[in-house]
Structures are given as structure tokens and as C-alpha cells.
Amino acid sequence: MTSENHGTVKGEPALVMSPSGPSSSQGPPLLPSTSKPIQELPDELIQAGWSKCWSKRENRPYYFNRFTNQSLWEVPVLGQHDVISDPLGLNVAPASGEGAAADPSLGNGQRKRRLSEETPQGTPNSFKRPKVEVTPVTPTTPTVPISPSTPGAKPWSSGTEDKQAQAPVPAPAPAPAPAPYRPTAFNVMKARAAETSCFKVYWDLDVPTNAVIRERAPADHFPPHPEIELQRAQLTSKLRQHYHELCYQREGIEPPRESFNRWLLERKVLDKGNDPLLPSECDPVISPSMFREVMNDIPIRLSRIKYKEEARKLLFKYAEAAKKMIDSRNATPDSRKVVKWNVEDTINWLRKDHSASKEDYMDRLDHLRKQCGPHVTAVAKDSVEGICTKIYHISTEYVRRIRQTHQALLKDCNIADGAEPPEVQDRLVYCYPVRLAVPSPPQPRVELHFENDIACLRFKGEMVKVNRNYFNKLELLYRYSCIDDSRFEKFLSRVWCLIKRYQVMFGSGVNEGTGLQGALPVPVFEALHKQFGVSFECFASPLNCYFKQFCSAFPDIDGFFGSRGPFLRFCPASGSFEANPPFCEELMDTMVTHFEELLERSNEPLSFIIFVPEWRDPPTPALTRMEASPYRRHQMTVPAFEHEYRSGSQHICKREELYYKAVHGTSVIFLQNAAGFAKWEPTPERLQEMQAAYRVSGRSLASPGPSSTPSANTAGDKDPKSEQEGTSTEAPANPDNASPKEKTAPNSAAV
């Protein structure tokens, strides 16, 4: 509504009614234009954004909602009329009186504030008022941002109305604490309708689990808090910046794409520290993943080429870079001699032979790398190890700071962080979400509003966003899994922490990190559940899970939304599981070790269906071990370009970007013990059903990789789930089955 219709609200703060009740020492404020005392509103209306204002033009009070810009002449009634589902108020019994007769669109006697029909023409108030669109309030859109611990605080706004509300007024009584976020019945019905295909969703939270575990004690992780999560996000961003600067200052290169994200994954396989994201207690200190990827881009980053001239330029640039590095580093005389001779020979060949083909240039580059690579690696080894060591020690210091801040916060809330976890019985139970031994402290204010189909949550100026359907999904997961917040008082703060955590882990680049959360298509999950009894995901998150039973990276925050904790610490005795891990070599190798240990010790039905990239040149250790495993019951390959993945940014991306085709083959391996094989045997009929579900059903798919610039990523047209390919320095002859292993060796295949 424009300022003319409620100009007194914005123009004169003295005319805004106080939201609190009258105090004993001072009566309610009086309007300047009348001596009548103003009746105060109930607390529920104040919390919903309503305030009582005075209309100079009509010379009477009206009611204005600062959240929705709605204004009424009569006292508003909460919960009586939904202007979205029933815009005309047909389902509301009209109240007797002038209000109901004048405007049937508002029930219970409510009547919208309108221009006076009695004002004669020619008066100062007779000019035409602009039409105002009033944004309705839906039951699924909370009109009151959550604020369980900040009484009387206003939601953020830069509008004039909020500034006027801060103007000096007679001292009011303390305002009531804002109402906590509570999911409405309509919200739940809407989410359920989405699950029945009224809306397009990508999960089935009604599937019960068949995973059985031994009862376990609550975890000793510190509970999440927005203040701590904000500090962790800032320090992680600084650590990324340090990594960027070290690579540029010491080696003159940009950090390999996604290498920091893979470093976090690889370190967490070994880390025994107490921070859920940053590593602090790892052995060895030097990360093999980071060392391999940085070394892979020395002396220059090689990119996939298409034309002969590009191959010629790439060969020349590599020769010049290798010679420059050997001259500027402390190399042995033999290394200098070998590199200089090969570089000069290559340059002479380039000057003489102008009829060479693209393949000739690629063969020559391969030969040059084989000859010069070991010597270049030798002179750069100490420098690259220094980068890895420096980043690890900075991370350790940041973890110490975060831990100190978290301990101080718990101490201020009189929460002991060293309490002994309660004893549990040694018995088999169906798996259940992670529980925390340390109680959760009071949560600060997190504000929520919706922009079309996007839910926006804000804390101290830091906003995170999630699709409305996925927000409803998080609400359902929270309802199923959380046991310490039945009133949803901490829901919004925990959602903010959850999205912020994954946002920080992904990185700030365009489409960066989305491969870490790539998922199988919905038809494949349906076939896995129907044919093989799968009800559990070994590598997922609350944002991309299909079942409500899953393992994820961050037990401290994901546990409130159904996570059973990290899979490498999850020990089921029976059940049928799907495993689609992030394509990090160290993580996949450790995963295979964990699978075989579980299958060996259990006599109950236990089955794992694993999806890994078909990298054959050479094969990854994980793939080789699974193919030779005594528990391998069947293996099938889904060819490249004949299947798809669901984007890791599905919770925020556009619908047309939700799927992308895989440009490499995918190996599907069944690891089962004897009981699991007897119960979920991969018969030809079952396999045929799964293959049919895996085929792309004529959908127009987005580009297969997150990178649109091949020069920035050798595997620019690879599946983003295959993050390892993002650091390749050559283009193998068969890129569909290329392993990242050959990309780390100086004598790898041609670009």
C-alpha cells in the first residue's frame, strides 16, 4: 500500500500505536489529533506484524500489517481466512454487520481499508489514489521470523516504516518474545501432496528402514550454533584464499579446480580432530590429494584441445615453461642438461615441421613430458609439499579458534562440554539418527522470508537460500528425526547452519562443488527399493537424500534432519544399502575396506550396491579391489551418455539444470554376503528393471559438467560428480573410461 493510504505510519512516528501493553506508571499514548485513549492490540497480532495506526483523512484508527502491507478498518482476526486458498472468503461464514456486507472477501467482519466514499469532489482529499497490490499471506509462509532468544527485535528492513518505528515514543512495557516458527498443518499437507506428484519432488520419505545396527551412545560433537557456523565459514573462506595465494606466489599457477574441496574430503578420511569441516589431526600432514593435483599443473596447466594450432601452441608453452622452471630452481646439472636438450630439440622440430597433424603434436608433447616430467617434479617437490603443510597448519589453528569460541559460548549458557555419555545396552535396533550428548544452547534470531519459490534465511546479514520444496522437505525430516525441539523453536537456526555448512564446503565458484552431492535419478532409486530392498543411502545429505535414512558428512548438524553420521563410522549388521560416493580416490578406497569388514563380520543379510566411475586407464584402486572381492556377486556397466545424474545443487538450481548426462561409464557393483545374496540376488529380471530405470527417457539434458570453459578444466565435459577429472592435465584417447591416476604421472597419455 502506498504512503498516501497509511501516510501516518511512515510520516509521523508519533501516530504509530505502541505494540506493548500500558504500564502502571504511564498510560497509553494519545493521538495528537484526539484525546481518546487508543486500545492496544493482543500480543498475537503484534507478533504477526499488525499495528494500530490513525488515519488523518478518515479521522479514525485502522490496522496495518508491516509484513504483508495489508490494512484493515476492523480488528484483524488470525487464522480465520487464507487469502490464497480462499481469496473471496467463500468458506468463511460472514459476520453480521457492515464489514461483512461491504466486503465478502474478508470473513469475521473484517473489511479492507478503502478510500472514503463520502468525501465530496473538489476537497483536498479527492484526488485519485493509485491502486495498490496487497501481497497475501499464505499459511505456508511464516509471517513472523523466528526469534526465540531475542525479545522484541524487529526483522531486518531498510524501509522507512521500520526506521519510524524506532522513533522516540513513550516508554512501553517490554514486548513479548517473537513466536517461534511452527509448521502448519497446511505446510505438511502441501509437502505430502508434493510427494504424491502434485508437485515435482525427488524423494520418498515414507520408505521404512531395514538397516539394523547396535545401539550406540550419543555423539560428543558440540551442537551447532549460527555464531559458530558464521565464524567457521569466514575462516574457511580465508583458508581458501591462503591456498590461492600460495599456489600463485610459489608456483605461478591458479589452484586446481575443486582441489580444495577434494582436500577436505581426503583429510576427513584420516582426521581425528573435533571440527566437523576443517582437518586438525591428520597423519600424514602432507595431503596426497593436494600434492598430486598441484604437481599435476606444473609447469603449466594443460587443457583439452580440439584443433591442430591449439596443440602446437600447447607444446610450445610446455617446453618454454619447463625450461624456465629448471633455470630458476635449484636443479642438479644432469636435470638441467636433460630438460634443456629436450626443450631445444622440441623447439627445433616445431620450427622445421609445419605439416604435422594434431596427433603428431600430441605424441611429441607426450614424449616431452616423459623426458622432462621427473626432473620438473623433483625441483618442485619441496615447494609443493610446503604448500600442503602450510595449509594444514593454518587449518589446525583455525580449528583451535573455533573450538575456543564454541566452548566459551557453551560456558556462558551453563552447559558442560565434558559430560559422560549415558551407557547404552548392547542390542540390535533399527538405525536411528545421530543424537548429541551436549545440550543445545539457546539459538539467536534467524529471519525467514520467501521470494517466489525460494526460502531465504538470514542471520547477521548472511543470507542462505533453498528451494521452497526442499525447505518443506527439511521440515519433514526435522519432524521425523529431531527429539529436542518439538515446538520447532530452533528449526530455522539449524536450517541456516545446515545450508551454510554445505555452501562453505562447496566453495564460492560457479557450480563449484556440486559434484560432491550429485545423486542418482529418481527412477533408479525406485527400482533399487522395489527390486533389491534398498532403503538407505551411504553417502548423501539432508538436501539431496531420497530416503529419510542416510549417512552424511556432518553428524553435528545433519543428525537433526535424519543423518546416521559418517558412513565410515556407521556399522550396520544387516540391511540393503546404496553407495554413490564422491569420486575421491582416497575416500573410495577406504570405503571398500569398510564394506569388506562389515560383510566379513555379519551373518545377517547385508547388501551394498555401489556406483563408481568406469575409469580404466588405469583403473582406480577401489574399482580393482571390488572386482577382485570375494563378496562381489555381480557387476554391470552403464555406458556413457546413456544415463544421467541429479545435480548436487538440486536444492537451489533451476528445474532445467536439475539433470545432466554422464559422459563416462558407471560401474554398478553388488557386494553381498551369503545371506544378502540369498535375499537380494541380482537376477537377470531385477537387473533388467534397474537398467530400464537408468536409461535417459528422452529428456533434454543440461551440459554434463559444471564447467563451461574447457580451458579451466581438462575434463570440462565430464560428469561433475567425477571431480577428480577436474584436475586432469591430459585428454586420454578414451575419455569415457579415463582414470585420474594416469593424469598424475609425467608419462601419461597424450592430451
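Data overview
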read-out: Per residue solvent-accessible surface (Å²) - region 545-637, probe of 1.4 Å; value: 29
read-out: Of 548/661; 238/390; 317/340; 465/500, pairs whose Cα-Cα distance is over 18 Å; value: 548/661
read-out: Computed lengthening from residue 354 to residue 341, 0.36 nm per intervening residue step minus Cα-Cα distance; value: 2.6 nm
read-out: Cα→Cβ-extended label distance, 7 Å offset, between residue 377 and residue 57, nm; value: 8.0
read-out: Dipole of region 452-586, positive direction: furthest Cα of 576, 464, 534, with charges on the beta-carbon; value: 464
read-out: Nearest-0.05 FRET efficiency for residue 453 and residue 43, computed from C-beta distance (R0 45 Å); value: 0.90
read-out: Whole-Hz ³J(HN,Hα) from phi, Karplus 6.51 cos²θ - 1.76 cosθ + 1.60, for region 670-679, glycine and proline x; value: 9, 10, 9, 7, 4, 5, x, 5, 5, 8
read-out: Modelled FRET efficiency - R0 25 Å, residue 250 with residue 320, Cβ distances, 0.05 increments; value: 0.80
read-out: Accessible-area composition of region 284-332, carbon plus sulfur, in percent [1.4 Å probe]; value: 55
read-out: Derived scalar couplings ³J(HN,Hα) [region 318-333; Karplus, 6.51 cos²θ - 1.76 cosθ + 1.60; whole Hz; x for Gly, Pro]; value: 5, 4, 5, 5, 5, 5, 5, 5, 5, 6, 8, 10, 7, 8, 6, x
read-out: Förster radius 22 Å - calculated FRET efficiency between residue 206 and residue 692 (Cβ-Cβ, nearest 0.05); value: 0.40
read-out: Amide H within-cut-off set for residue 646, under 5 Å, with H built and near neighbours excluded; value: 519, 520
read-out: Cα→Cβ-extended label distance, 7 Å offset, between residue 624 and residue 656, nm; value: 4.5
read-out: Net lengthening on full extension, residue 569/residue 601 (0.36 nm per residue, minus Cα-Cα); value: 10.0 nm
read-out: Euclidean distance of C-alpha centroids, region 395-472 and region 575-635, integer Å; value: 32
read-out: Rounded percent of accessible protein surface that carbon and sulfur make up, region 409-473, 1.4 Å probe; value: 45
read-out: Karplus 3J(HN,Hα) series, Hz, for region 426-442 with 6.51 cos²θ - 1.76 cosθ + 1.60 (x for Gly, Pro); value: 8, 8, 8, 9, 5, 4, 9, x, 5, 10, 9, 6, 8, x, 7, x, x
read-out: Net lengthening on full extension, residue 411/residue 483 (0.36 nm per residue, minus Cα-Cα); value: 23.6 nm
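The values are calculated or read from the model by the stated rules, or taken from the named source; none is laboratory data. Owing to the predicted nature of the structure, the values given are computational and were not obtained by experimental measurement. Don't worry about glycine lacking a Cβ; one is built from the backbone with ideal geometry, like all the others, and counts go over all protein chains shown. Each accessible area value is taken on the protein alone, full model and side chains, heavy atoms only, with ligands, DNA and RNA left out. Shrake-Rupley method; radii C 1.70, N 1.55, O 1.52, S 1.80 Å.
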